[in-house]
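Read the figures in this text as sums done on the coordinates, not as results from a lab. What you see is a predicted model, and the numbers here were worked out from it, not measured in a lab. When we count neighbours, we look across all protein chains shown, and the Cβ atoms used for this are built from the backbone with ideal geometry, even at glycine.
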Amino acid sequence: MPRAPNEIGDLWWAINRRLHDRFREAFRGSELPPMALVFLRQVDHSPGVTIGELARRSGTVKSHVSKMVEHLVRQGYLEKRADPADQRLVRVYASKLAAETKSAMEARVREAWLGVTGEIPEGQLESVVGSLRTLLEALERSNAKDCLDRS
């Protein structure tokens, strides 16, 4: 078997680990963890989203999403409201404070990414982006094919 498929997995694991460390450092001193930004973005993009939908979109276990949403509600970033058409459903909305906080968190993310991309040699950044797009497209095709095979 060619080395490339195994090396992609090894490289991806190492990149993921270092990104995790990079963003944890970027958010050091922040009252919210980086994952909160994922939820704030999702709620901003889809006001009234349910916790189950947040879990699906973020690829996070529903119990973790529920805990993070509760934390963000207590801190005043999110609001939970019962669905008027179905009282069993709870919908999540961003507060006014969330927009300011999301902007500040996104600035931290941009700064962290600039620190990383600034280390890529001039002229290679577009190649990196192109390779990542190719990998994402391959993953999407492979996942779609797997879904078809299971049905």
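In the chain, which longest range has no trypsin sites (Lys or Arg not before Pro) that are both DSSP loop (not H, G, I, E or B) and surrounded by at most 16 other Cβ atoms within 10 Å?
Values: sites that count: Arg28, Arg88.
So the longest stretch without any such site is 89-151.
Only Cα pairs under 8 Å and at least 6 apart count here; give the relative contact order of the chain as a rounded whole percent. Let's see the in-between values first.
Values: 95 pairs, mean separation 29.7, N = 151.
Normalised by residue count, the contact order of the chain is 20 percent.
Rounded to the nearest 0.05, what FRET efficiency is calculated for Glu100 and Met35 with R0 set to 22 Å and r the Cβ-Cβ distance?
The computed FRET efficiency comes out at 0.75.
Using only alpha carbon pairs under 8 Å that are at least six residues apart, calculate the relative contact order of region 31-109 and give it in whole percent.
Details: 82 pairs, mean separation 26.5, N = 79.
For region 31-109, the relative contact order is 34 percent.
Let me spell out the model: positive unit charges on the Cβ of Lys and Arg, negative unit charges on the Cβ of Asp and Glu, origin at the Cα centre of the chain. What dipole size does that give, in debye rounded to 20? Can you show the working numbers first?
Details: 24 positive and 21 negative charges, 111 e Å.
It comes to approximately 540 debye.
Compute the Cα gyration tensor for the chain, then decide on rounded, prolate or oblate, letting a ≥ b ≥ c be the square roots of its eigenvalues: rounded whenever a/c is under 1.5, prolate when a/b is larger than b/c in the other cases, and oblate in all that remain.
On the way: a/c = 2.50, a/b = 1.39, b/c = 1.80.
The shape class here is oblate.
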